[in-house]
1. From the phi angles alone, apply the Karplus equation (6.51, -1.76, 1.60; θ = phi - 60°) to the range 5-16 and give each ³J(HN,Hα) in whole Hz, x where the residue is Gly or Pro.
2. Long-range amide H contacts for residue 131: which residues qualify at under 5 Å (H placed 1.01 Å from N, peptide plane, sequence gap of 5 or more or a different chain)?
3. Which residues' amide hydrogens lie under 5 Å from the amide hydrogen of residue 35, considering only partners 5 or more residues apart or on another chain, with H built in the peptide plane?
4. I need 129, 4, 40 ordered by Cβ neighbour count within 10 Å, fewest first.
5. Distance in nm between label sites at residue 131 and residue 18, each 7 Å beyond Cα in the beta-carbon direction?
6. Say each of residue 56 and residue 115 gets a label point 7 Å from the Cα, pointing the same way as Cα to Cβ; how far apart are those two points in nm?
7. Check residue 125: other-chain or 5+ apart residues with amide H under 5 Å from its amide H, H built from backbone geometry?
8. List, in order, the whole-Hz ³J(HN,Hα) value for each residue of the range 42-52 obtained from phi through the Karplus relation with A = 6.51, B = -1.76, C = 1.60 and θ = phi - 60°; use x for Gly and Pro.
Amino acid sequence: MIGFTVSNSIQIDSYNVNDSSEWIDISVSSGANNVNNIYFSMSDKKLEGIKNELLKEAIGNAREKADIAASALGLKIDGIKSVNIDQASPFFTEPTLYAAESSKIDGVSAPTPIIAGEQQISMSVSIIFLLG
């Protein structure tokens, strides 16, 4: 045998992301020399609540614009012919890379920095209103 590589992975699921830096520091101080693939996401419940709020806003916006168009034509909205809801998945606006490195200031280890990123969530609705 000439050589070998050993790899070990852990996964931490938590609602408290404020401890992320501490978890990385503990891993590195325990011997980890490569930390990657750190991923933050919302719970399904939180994501569903945000999507529902966005959907309400999109429908209200569509109704408001339809009212303006109908009024300009001297008509009123009599009903709805169809509704199409586009289910969009959340995505990060740009890749966020995280790395764990030893950083000491005056002999004291500074906590591993975790850089905040953004996650965008969008909903789209198409409504065909009936005018009369």
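None of the figures in this text is laboratory data; all of them are computed from the coordinates on show. Bear in mind the structure is a predicted one, so any value in this text is a computation, not a measurement. So basically every Cβ, Gly included, is an ideal-geometry build from the backbone, and we count neighbours across all protein chains shown.
1. 3J(HN,Hα) across the range 5-16, in whole Hz: 10, 10, 9, 9, 10, 10, 10, 10, 10, 8, 7, 9.
2. Answer set, sorted by chain and number: 78.
3. For residue 35, whose amide H was placed from the backbone, the distant partners under 5 Å are 100.
4. Numbers: 129 20, 4 5, 40 13.
With the sparsest Cβ surroundings first, the list reads 4, 40, 129.
5. It is 5.3 nm.
6. Taking the two extended label points, one gets 3.6 nm.
7. Distant-sequence amide H within range of residue 125: 86.
8. Once rounded to whole Hz, the list reads 8, 5, 4, 5, 5, 4, 5, x, 5, 4, 5.
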